[in-house]
Number of protein chains: 2
Amino acid sequence: MSDVILLAHGSGGKLSHDLVKKTFLPSLANTMLNKLDDSAIFEASGCLAFTTDSYVVNPIFFPGGDIGRLAVCGTVNDLSMSGAKPLYLSLSIILEEGLPLSELDHIVKSVKAAAAEAGVNIITGDTKVVNHGQADKLFINTSGIGIISPGVDISGANAKVGDKVILSGTIGDHGIAVMSQREGLKFSVPVESDCAPLNKLVCQILKASPRIHCLRDPTRGGLATTLNEFATQSNVGIMVEEDKIPVKESVRAACELLGFDPVYVANEGKLVAIVKPSDADKVLAKMKQNNYGRNAAIIGEVSDAHPGKVVMKTKLGPSRIVDMLSGELLPRIC
Amino acid sequence: MSDVILLAHGSGGKLSHDLVKKTFLPSLANTMLNKLDDSAIFEASGCLAFTTDSYVVNPIFFPGGDIGRLAVCGTVNDLSMSGAKPLYLSLSIILEEGLPLSELDHIVKSVKAAAAEAGVNIITGDTKVVNHGQADKLFINTSGIGIISPGVDISGANAKVGDKVILSGTIGDHGIAVMSQREGLKFSVPVESDCAPLNKLVCQILKASPRIHCLRDPTRGGLATTLNEFATQSNVGIMVEEDKIPVKESVRAACELLGFDPVYVANEGKLVAIVKPSDADKVLAKMKQNNYGRNAAIIGEVSDAHPGKVVMKTKLGPSRIVDMLSGELLPRIC
């Protein structure tokens, strides 16, 4: 077997079957995937969630993770943000001819580890190969299916005036970690991506408050874009206080150096919850008990002023409107 | 708005939202997609099928279709080949910076038309943009969910000795159409891709014979690879007769010119069914009533000789073993 990806690995023929049997099945095997039919079959009943994301992060390995871990966590998190318990993922990979098989192996093992941490199975997949120079190393798509408990109704359109805005931890870690790896920047305290599956955290806070109004993971576009999406979808104003938003010192320093505002930098293991005021302390306490929520904070509230806008009270006192990200800060961050 | 794709269209911020609102929603709108939450929500109960495929065909426009139609039909067909009625698709697109928006628009309209023909809705999606030169124009992933009627049990592992092998029409059309477009070849009778959704055809033959044993669409790797998969998964021999396999004259001529064997050339609107002998004529008759099955033929049968192998009785008389595709005939065919 060659030690790099060949076009024939994408032929659908012998080498494709070899790749599935030698690279994917040993890590990802389960009774549904092993059948290798055109679709995976499962039984379900109730209210289901379905989501998809393609991952094109560059570089494919970065401090705190890689594109494999990112692809599992990102889709697990999108399901979780709808209040769903993630059940099954698909895994579709576009490979560039010439990619070392050792790198693919490493990524498949990351997929396995992240799926095990989240408690989900990869049950169907696909591999394509394009000629050298027609893609950059590899791109991954994961789609996912989850099940929503009766009574849970989470949407960006559900924020109500008076609700509290809770952030599960520090922002900007993922964006700065990928950026520093890509550009070869060294910081005195290295920044690691926060890339993590948040499904168990969501399960815990939903037990504390089954009627959480909004949940979203502030990935591309950062915290500011997510808050703007909530403000627009719910037609409410959102007021946050800058000095309540947790940012690691190393991330803050990197952002100052690079001219970034941390509220626009991508996260891959954080969530924003909007909850009714009487539940806020309960939800915050539950978050802090989970390792991925230990730096959680209430950062603001929903108001009837400035519907559709996000207003931030700055550390220096005055307030300013924080718009959605415009332009592109960091291409290929996820 | 720019008339080409910019990196900022993949930022998750303003231009990403504009792209969704101006390019995707006008064509694909439905109540589930319109919510723009992290996941789409639907109700279901029973035995479900889940599949995924990424499409990297080059060129993205070819006689008889384009990458948009291909992405919908391919995933609809993978669901159908498990005996599922396709319900919902996801659509995730990786765009190269600089792609003309007019080309994206054209492809989104093809997605819409193919989804309408198949009777499925796109309910969740994602868009990423990579720098110019880091992908070739655009790649699409579609994943899909379908529902399987009670009693249907289709798998490549279900072929039984004595079963008949039915092919739904001519082979090699898609591969030759894409190849001729890519290489600028002209034939006296132009070859068009057979790219088509087969879900209604499958529904009709399942009514005629609810216990069809195997179904598969011979895409990459062609008819020969699909038959080999059945032979291996079911541990049976498969015998086919070369002169019963329908091939258009223009495709046969192109294959001879290019040195291809049509049994290895990709199809995107054909299926192979393996059915018990007493149902074969019923299934064949039903297929012929559907426009996508009008050239269907019984091409062979399952035997206990040579388990795991496919044997073809050639036109000249002697038989030969037809192996799975080895190497790569036509990169980026789907």
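Observations, loosely collected:
- Computed as a quarter of the hull surface, the mean projected area of the alpha carbon convex hull for the stretch A:68-225 stands at 11.5 nm².
- Two-site FRET efficiency, residue B:315 against residue A:182, from Cβ-Cβ distance with R₀ of 41 Å, rounded to 0.05: 0.10
- Mean Cβ count within 10 Å, highest first, over the residues of peptides A:212-220, A:250-258, A:233-241: A:212-220, A:233-241, A:250-258
- Rounded to 10°, Cα long-axis angle of helix A:222-234 versus longest principal axis of chain A: 70 degrees
- With respect to chain A, whose longest principal axis is taken over its alpha-carbon atoms, helix A:67-80 is tilted by about 50°.
- Relative compactness, the stretch A:70-109, computed as alpha-carbon Rg over 2.2 N^0.38 Å: 1.49
- Buried area at the A-B interface (accessible, heavy atoms, 1.4 Å probe, summed, Å²): 5900 Å²
- Highest-fluctuation residue, B:291, B:267, B:199 considered, GNM on chain B with Cα pairs under 10 Å: B:291
- A Cβ-based charge dipole, computed about the Cα centre of the stretch B:164-321 with Lys and Arg at +1 and Asp and Glu at -1, lands at about 420 debye.
- Dipole moment magnitude, nearest 20 debye, the stretch B:7-148 about Cα centre, only Lys, Arg, Asp, Glu C-beta charged: 260 debye
- Inter-probe distance in nm under a simple model that places probes 7 Å from Cα toward Cβ, at residue A:102 and residue A:203: 3.7 nm
- Between the alpha-carbon centres of the stretch A:202-271 and the stretch B:286-321 there is a gap of 59 Å.
- Contact residues in the stretch B:290-330 (at least 20 Å² less accessible area with all protein chains than alone, 1.4 Å probe): B:323, B:324, B:325, B:326, B:327, B:328.
- When the Cα convex hull of chain B is projected onto planes of every orientation, the mean area is 17.3 nm².
- Label geometry 7 Å along the beta-carbon vector: residue B:281 inter-copy distances in nm: 8.1
- Across peptide A:83-96, the mean count of Cβ atoms from other chains lying within 10 Å of each residue's own Cβ comes to 3.
- Remark: the stretch B:7-148 carries 28 Å² of accessible area per residue (probe radius 1.4 Å; ligands, DNA and RNA excluded).
- Summarised in one figure, the compactness ratio Rg/Rh of the protein assembly as shown, Cα atoms and Kirkwood Rh, is 1.00.
- Surface per residue (accessible, 1.4 Å probe) for the stretch B:164-321, Å²: 41 Å²
- Shape category assigned to the stretch B:1-59 from the gyration tensor of Cα positions, a/c cut at 1.5: oblate
- Test item: B:4-10 mean partner chain Cβ contacts at 10 Å: 3
- Secondary-structure-derived ellipticity at 222 nm for the protein assembly as shown, considering helices only, amounts to -9000 deg cm²/dmol, per-run term -39500 (n - 2.57) for DSSP H runs with n ≥ 4.
- Choice from A:100, A:210, A:59 with maximal GNM fluctuation in chain A (Cα, 10 Å cutoff): A:100
- Label point 7 Å beyond Cα of residue B:305 along Cβ direction - residues of the stretch B:219-249 with amide nitrogen under 13 Å: B:237-241
- Distances from residue A:305 to itself in the other copies, using label points 7 Å out along the Cα-Cβ axis, amount to 8.7 nm in increasing order.
- Equivalent ellipsoid semi-axes, the stretch B:183-334, via Cα gyration tensor eigenvalues times 5, rooted, Å: 24, 20, 14
- Förster radius 45 Å - calculated FRET efficiency between residue B:326 and residue A:249, Cβ distance, rounded to 0.05: 0.20
- Between this copy and the others, label points of residue A:132 are 2.4 nm apart in ascending order, each placed 7 angstrom from Cα in the Cβ direction.
- Within the stretch A:7-148, the proportion of Cα pairs with more than 17 Å between them is 59 percent.
- Carbon-plus-sulfur accessible fraction, the stretch A:48-188 (probe radius 1.4 Å, protein heavy atoms only): 49%.
- Rounded to the nearest 20, the size of the Cβ-charge dipole of chain B about its Cα centre is 780 debye, with Lys and Arg at +1 and Asp and Glu at -1.
The values are calculated or read from the model by the stated rules, or taken from the named source; none is laboratory data. The model shown is predicted, which means the values in this text are computed figures rather than measured ones. Neighbour counts run over all protein chains shown; Cβ positions are idealised from the backbone, glycine included. For accessibility, only protein heavy atoms count, side chains too; no ligands or nucleic acids. Shrake-Rupley method; radii C 1.70, N 1.55, O 1.52, S 1.80 Å.
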